[in-house]
Amino acid sequence: KFKDLDYEIQILLGDARKTIKEIDDKFDAIFLDPFSTTKNTELWTVEFFRELKRCLKDDGILATYSSSSHVRAGLIEAGFKIGNGPIVGRVRPSTLASINRELPVMTEFDLNLIRVFGKPFRDNENMTLTREEIMEGRIA
């Protein structure tokens, strides 16, 4: 129940890579839920994560269902601390990220996956590359 709590939920519509540049607010929480990394690659890049970090309060939290090593490596490169989130309907835990908040400790297994397989997706500075260009850059 949220009877005595004062929450405000803000939903922004539009191309996320353009819209995020217009945001001056700082948020307590961000739920990152784009489609899969192969279908919606442009929202899983280090550059987009840096914009999310810019919009997050220092003690805020970002949550995403993804547990992929390249997403986690991208979050780390963007300046986030990361931790394992809840396991919801799958085998692997989701991912939590924050600038300063203490997060659940990641297992050595998860940290090794990031070290070995964690090659982040990269966009250009203006975040205008296509999904195909981002994927090609990661493979090259």
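With the helix formula -39500 (n - 2.57) applied to DSSP H stretches of n ≥ 4, the chain reaches a computed 222 nm mean residue ellipticity of -8000 deg cm²/dmol. Taking θ as phi - 60° and the Karplus parameters 6.51, -1.76 and 1.60, the scalar couplings of the stretch 100-117 work out to 10, 5, 6, 10, x, 5, 7, 6, 4, 4, 5, 5, 5, 4, 5, 4, 7, 10 Hz in sequence order, x denoting glycine and proline.
For the stretch 1-76, the share of accessible area belonging to carbon and sulfur comes to 53 percent (1.4 Å probe, ligands and nucleic acids excluded).
For Ala29, the residues whose modelled amide H falls within less than 5 Å of its own, excluding neighbours fewer than 5 places apart on the same chain, are Ile61.
With a 1.4 Å probe rolled over the protein heavy atoms of all chains, the accessible area of Glu133, Glu102 falls in the order Glu102, Glu133, largest first.
In a DSSP loop and with at most 14 other Cβ atoms within 10 Å, the chymotrypsin sites (Phe, Trp or Tyr not before Pro) in the stretch 32-140 are Phe35.
If you count only protein heavy atoms with a 1.4 Å probe, what accessible area per residue comes out for the chain, rounded to a whole Å²? Working shown, then result.
On the way: 8870 Å² over 140 residues.
Per-residue accessible area for the chain comes out at 63 Å².
Size descriptors for the chain, from the alpha-carbon set: Rg then Dmax equal 15.2, 53 Å. Pairs of Lys residues in the chain, spaced 8 or more positions apart or belonging to different chains, with C-alpha separations under 24 angstrom: 17 in total. The DSSP beta bridges internal to the chain are antiparallel in roughly 55% of cases.
Accessible surface of Ser69, taken over heavy atoms with a 1.4 Å probe and every protein chain present, rounds to 20 Å². The Cα center of the stretch 11-67 and the Cα center of the stretch 96-140 differ in position by 13 Å.
The values are calculated or read from the model by the stated rules, or taken from the named source; none is laboratory data. In this text the structure is predicted, and so the values were computed from the model without any measurement. Ideal geometry is used to build each Cβ from the backbone, glycine not excepted, and the neighbour counts take in all protein chains shown. What goes into the accessible areas is simple: the full protein's heavy atoms, side chains included, and nothing from ligands, DNA or RNA. Shrake-Rupley method; radii C 1.70, N 1.55, O 1.52, S 1.80 Å.
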